[in-house]
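The values are calculated or read from the model by the stated rules, or taken from the named source; none is laboratory data. None of the values given here were measured: they were computed from a predicted structure. Heads up, the Cβs are rebuilt from the backbone with ideal geometry, glycines too, and the neighbour counts pull from every protein chain shown. Heavy atoms of the whole protein, side chains included, go into the accessibility calculation; ligands, DNA and RNA do not. Shrake-Rupley method; radii C 1.70, N 1.55, O 1.52, S 1.80 Å.
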Amino acid sequence: MKDIYIVHVGNYIGAYRCGKCPTITYASADKFIDFVKSLREDYPEYRLRCVRNWGIEEEVRKIIDRDKILQQRIGKFMR
């Protein structure tokens, strides 16, 4: 069975799907239930596993930080 790993990163919940092209997604921690429901709908053949894994947490943190930087730069551009 294939797994999607769910981690807690600060005020966010992240998901890491392994494979040839790994997928990393995240949502605000207060949206946890909706996030998990969405993962179950999108990937019914996967098993969701809540883990504490520094490597996965770090990869999710990088994506969150990247998106924050992009939002700041887009905000400056749009002014």
Does Gly10 satisfy the criteria of being within 14 Å of the chain's Cα centre (by Cα) and free of Cβ contacts under 8 Å to residues at least 40 places away in the same chain?
no
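With the structure loaded, tell me whether Ile33 is among the aliphatic types (A, V, I, L, M), surrounded by fewer than 11 Cβ atoms within 10 Å (Cβ to Cβ) and at pLDDT 95 or above or whether it fails that test. Give the derivation first.
Values: among the aliphatic types (A, V, I, L, M): yes; surrounded by fewer than 11 Cβ atoms within 10 Å (Cβ to Cβ): yes; at pLDDT 95 or above: yes.
For Ile33, the condition - among the aliphatic types (A, V, I, L, M), surrounded by fewer than 11 Cβ atoms within 10 Å (Cβ to Cβ) and at pLDDT 95 or above - is met.
Residues are listed down the side, and each one gets a yes or a no for (1) closer than 15 Å to Ile4 by Cα; (2) over 14 Å from the mean Cα position of the chain (by Cα); (3) small (Gly, Ala, Ser):
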| position | (1), (2), (3) |
| --- | --- |
| Ala29 | no, no, yes |
| Phe32 | yes, no, no |
| Val36 | yes, no, no |
| Leu39 | yes, no, no |
| Asn53 | yes, no, no |
| Glu58 | no, no, no |
| Arg61 | no, no, no |
| Ile74 | no, yes, no |
Candidate set from the stretch 1-17 (those that are in a loop (DSSP other than H, G, I, E, B) and open to solvent by 60 Å² or more (accessible area, probe 1.4 Å)); member that is nearest to Gly55 (Cα to Cα):
Asn11
